[in-house]
Structures are given as C-alpha cells and as structure tokens.
1. Among the candidates THR344, THR334, THR354, single out the residue that is β-branched (Val, Ile, Thr) and over 24 Å from ARG110 (Cα atoms).
2. In this structure, does GLY355 turn out to be open to solvent by less than 10 Å² (accessible area, probe 1.4 Å), modelled with pLDDT of 95 or more and in contact with a His (Cβ under 8 Å, 6 or more places away or on another chain)?
3. Taking the stretch 462-495 as the search range and keeping residues that are open to solvent by less than 10 Å² (accessible area, probe 1.4 Å) and in a helix (DSSP H, G or I), which one is farthest from LEU506 (Cα to Cα)?
4. Starting from the stretch 402-431, take each residue that is β-branched (Val, Ile, Thr) and modelled with pLDDT of 95 or more and list its partners that are open to solvent by 30 Å² or more (accessible area, probe 1.4 Å) and assigned to a loop (DSSP other than H, G, I, E, B), counting only C-beta distances under 7 angstrom and pairs at least six apart or across chains.
5. Go through the stretch 45-79 and give me each residue that's of a type in the set (S, T, N, Q), assigned to a loop (DSSP other than H, G, I, E, B) and surrounded by 21 or more Cβ atoms within 10 Å (Cβ to Cβ).
6. Being buried (at least 19 other Cβ atoms within 10 Å of the Cβ) and of a type outside the set (Ser, Thr, Tyr) is the filter; apply it to the stretch 334-347 and report the residue that is farthest from VAL169 (Cα to Cα).
7. TRP103 passes all but one of (1) in a loop (DSSP other than H, G, I, E, B); (2) open to solvent by 10 Å² or more (accessible area, probe 1.4 Å); (3) under 30 Å from SER592 (Cα atoms); (4) aromatic (Phe, Trp, Tyr); which number fails?
8. Assess whether ALA129 counts as being modelled with pLDDT of 95 or more, surrounded by fewer than 22 Cβ atoms within 10 Å (Cβ to Cβ) and hydrophobic (A, V, I, L, M, F, W, C).
Amino acid sequence: MSPVFPMLTVLSMFYYMCLRRRARTATRGEMNSRRAIESNTRALPINVEIVQYAKEVLDFSSHYGSENSMSYTMWNLAGIPNVYPSSGDFTQTAVFRTYGTWWDRCPSARLPFKRTPPTFCSQDYVELAFEEPVYPTAVHILETYHPGAVVRILACSANPYSQNPPAEVRWEILWSEAPTKVNGPQARQFTPCIKQINFPTNLIRLEVNSSLLDYYTELDAVVLHGVKERPVLSLKTSMIDMNDIDEDEDEEKYGCGMDTLNKQFSIVTLREWPTNGYFDKLPYELIQLILSHLTVPDLCRLAQTCKLLYQHCCDPLQYIHLSLQPYWARINDTSLEYLQSRCTLIQWLNLSWTGNRGAISVSGFSRFLKVCGSELVRLELSCGHFLNETCLEVITETCPNLQELNLSSCDKIPPQAFNHIAKVGSLKRLVLYRTKVEQTALLSILNFCSELQHLSLGSCVMIEDYDLIASMMGAKCKKLRSLDLWRCKNITESGIAELASGCQLLEELDLGWCPTLQSSTGCFTNLARKLPNLQKLFLTANRSVCDTDIEELAANCTHLRQLDILGTRMVSPASLRKLLESCKDLSLLDVSFCSQIDNRIVLELNANFPNVFIKKSFTQ
C-alpha cells in the first residue's frame, strides 16, 4: 500500500475530530443566546414553567461584607432584586472578596498548583437553595456592576430541605465558559443557554472568576425557571444550531459522577499488548517528565493502557503536588482510599471545596493523612465543611513538616479546635479567614509558631482584643511579611504601634474596614515611618485618612505597589500627586468615594501616570 493512504487516513481522522469539536463548541453567554434546539422541538408533556428567586444562601467561599451585617454580603442573593435594573456600587448586592489580578501580585500570593485542568478557572462560589425542585429550563443572573465574572453554573441532585439525604449527591454542569471581558460596568441580565439534566433540582451553584474585571462584580438576584415534570424532547427536530451544543465532550464520554472517577483511580485491568511501543526505548525520567503534564483523570486513564504506563502513572513522584479542587464534586472517601498508595511522597495537597454533604468523612480524611501526611508541606482546605476538631488534631500529629495551612471559610470548625494548630511550630503561612478562631487559641498559635510569614485573620469575629493579638505578633512573629486584618473591629493605635515596632519586615498590611483606627492618633503616620518595605496597604473605608498620611507614605514607603483609601474625605489631589511621583512601582490606587477626588481629577492623574490603575467607583 502506498504510504500516502495511511497519511490520508490520519488526516481524515484529524479533520473529523476537528469538525466534531467545532460542532460541540457553544457560543454561550448573553441573554439573547439562541436555544440549542429550535423549530419543531416540543416538550412532552407540556408543563407550566415555575419561576422562583433564591430562597436561601447555603454556602459561599468569600464575600466583601461583614459577618454581622448585610452590606455587600452573599446573603443579599436571597429573594427578589434589591437594585436591578440600576447600575453602580450598592451595598445591597452580593460581592466577592477579590477582583482582577491584584491579589496574585502581592507578597502573600501563593504559587499555583500544576496540573490544574485548563477548563477549571473558578476562584469563588456561592450555593443557592430554591423552594421547589424543578427541571431547569433557564437561569437568570442579575448583575448590577462589572458583570462577566460567572464562569460555571451547576445543579445538585440533593434537596437541601429534604429530611432524607440521598445516598449519592450528583452535580451536573448546566453551563460553563472561560472568563470573558465585558465592555462596561453596566447592569445586565445574564441568561446563558443551559443544558438539560435528568433530575429535578432546587440547589444551584454559581462559580466565578473575577480576574478580568476592573472592579468587584456585584450580583443582585438569581432566578430559576423550570418545570415539575421531566421534559421529553420530541424526536422531530428540524434544525440544530451547531454553535449552541454543549462542548463538554470529556464529561459525556467519561462521565462526571464519583463512581466514574473512582473506577479510573482503582482500575487494575490492563490491556495486553505485545510491546510497549517506543516507550520501551525512552529513559524512565523522560517518560515521567512527559506524564507530569497530564491532569489526574488523564493519568488514571493512561494507566489502563499497558503495564509500563501503569507503573509510571502510579509512581508517587507523579503526585508530589496534587490539587483535587477541580474535581471537588467527585471526590469522596473512596477516591482518597484509591489515591493513598500513590500519594506517599506528596508535599502539596489541595482539598479545597471537597468533601461537603458527607462526601468525605472524618475517618476517611484521617486515614488518608496518616498514610500520606509525613512529607506534607502545604495543605489547602478552604471551605472544607467536613473538618472538625479531630481533623485538626490529626493534621498536627501526622504532618510534622507542614509549613502552609489554609482553613479559609471553614466556619464549621469549633473554636476550641484551633488550639491544636499551635503544635505545628514550622508553620510559615496560616489562613484563618472567616473562621471561628478565638483569642486564647490564636495567642497560643502566635506564641509557638514564631516562623510565621503570612497570616490572614480577615473577618475573624470571635477575637475580642486585637490590640493584644497585635502585641503578641510584635513580640513573637518577627518574620511576618503579610498580615490581613480585614474587618477587625477593635484594633486601635496602641496595637498598630506594637505591630509596627515588632514586625518591621511587613510588606503587606490589610486594615480595610477597621473603624476604630483614627488618623488623628498618628497611627498611619507611625506605620509609614516604621514599615519602609510596605508594598500593599489597604485602608479601605477609613474616612479619617488625610493628606499627612499620604505624604508620609510618599516619603517613607517608596516601594508601595497597591494602596486602597476608598471612602476618605480628607485626601486632596495634591497629596496624591506627591505619592504617584514618589512611588514609582505603584500599580493600583483605589480612590472610590473619595469626596475630593472627582472624575476630572482621576482622568488627569491617569494621563500623567499611565502605569497606575486608578479606580473611581460610582453609584447612580
């Protein structure tokens, strides 16, 4: 046979795959998206469509607001719209904690995990419960400021109001798309074309990525449309829009349930081939390097091809860094059990968002760490609502080398459990954002974990005396480089003085929404003089910040890169010009709601300092 024919065969197969992929690529997004199946398609039997707003916010990963108020909190997503169709910055909306790429450019930024699938880009989430379980026909998201952050919409088979929890919890992706840049911050109703599912749901999850946004996205309400009886599409379909069919080919081919993933983890039946092809001729290290670019599910599938690749795919060296967060909906006790033998050398482990609604048990988590925890250096557990005191005790006993622990939004951990963290004297990073850590436990942690470099205590409302905490930091945590005290309610100039005197290596300090700090006490001037290495300083919503403070920053903190003085009434354009002239590395300056800085001034500053993103928010 001529060598041309095999080449034609390969080209034809490649062309077919491209066409199939093209046919499965959806043009999704705006409220006027075309429906996937048009013309003579009918739902049989005909159901009355139910329209309902979210009844309750069940869970979320972060929010801008306080735990003790409704302003800018996720709880604003429950019920009818408060703001829509108005546009602008309103306290009655739901706002996540971050936006843009600024948080990835500061000293506290964490290194990303390798092997994260390119299709997983979610940074935050919120879960909403509705009154009636329905088969979804549409989801409307009312975005009132800087839209475009929503990247995934999922539906859950579990009814949060049922007295009998299901044996298995299923999540189905209704719609997903990479982050997109939306022109303009104006309000919109976002109605993507969603996929049909084969179970009724009253639990919807939104996942967002705000990295392309110029400011915080604000969501007002979510509307779920659906029918009580499962729609059955008639067989007569005259036209299918090839641009609107879901592209999730892998999900259809390999399944998205826990059982499918667990079978991939546990498969031992290998295909018998006479040889291992050219892989027999490659060095072991080279094959390992090639496989290091595969995602975890791909490794599991490749392990089924031959004994040689099975050996490579199960080598613990492939699992030194392992992030299971992209597969949060599929991970359970069985998954962890199957992974144990492969993770004996693991150093970085990300279990964020996993294990909720009974998927991971305390005993399952404990068994895994007892086998795989000895080499762990970094452990990410944000939003792990299965965690309790036993889990923290197991972490401290089985992970002697742990340096980074993230318990962000683990709000189910009881206050007394945090005492166990003090046993991990090697900790360099500790994230306790939105946890119930109490003062006694935190003082113990600070006393025994003197190697701490990065500490997040944002929205920790159980701490009674932040001045005492700051004093302990100044005395014990000399290596501290970043500190998040977002929305701490009682720190004063005394605590700031102790902190600035003892932690002079600080490069990042978040004092946003700390109402007890007053510029007249000299606290901000003291900060500027004692902390010359500051790169990021957030004084958000402190209305007392004045020209003297800005001028001290300009004179002493010339490495400053990010400054947030939202809401101050005392800063003039002249002091900002001094700051911009002095701090050559400044890239972010938030002057939203600063009464002396109008839009004309912002335009002038932008023209003179084009490398600085100067943000001026508005309400209309």
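1. THR334
2. Considered against the rule, which asks whether it is open to solvent by less than 10 Å² (accessible area, probe 1.4 Å), modelled with pLDDT of 95 or more and in contact with a His (Cβ under 8 Å, 6 or more places away or on another chain), GLY355 comes out as yes.
3. So, considering only residues that are open to solvent by less than 10 Å² (accessible area, probe 1.4 Å) and in a helix (DSSP H, G or I), the one farthest from LEU506 (Cα to Cα) is TYR466.
4. ILE413/ASN388; ILE413/LYS436
5. SER61, SER62, THR73
6. Among them, the one singled out is ILE346.
7. Tallying (1) in a loop (DSSP other than H, G, I, E, B); (2) open to solvent by 10 Å² or more (accessible area, probe 1.4 Å); (3) under 30 Å from SER592 (Cα atoms); (4) aromatic (Phe, Trp, Tyr), TRP103 fails exactly one: (1).
8. Considered against the rule, which asks whether it is modelled with pLDDT of 95 or more, surrounded by fewer than 22 Cβ atoms within 10 Å (Cβ to Cβ) and hydrophobic (A, V, I, L, M, F, W, C), ALA129 comes out as yes.
The values are calculated or read from the model by the stated rules, or taken from the named source; none is laboratory data. Every value quoted in this text rests on a predicted model; they were computed, and no experiment measured them. Neighbour counts run over all protein chains shown; Cβ positions are idealised from the backbone, glycine included. Only protein heavy atoms, including side chains, enter the accessible area calculation; ligands, DNA and RNA are left aside. Shrake-Rupley method; radii C 1.70, N 1.55, O 1.52, S 1.80 Å.
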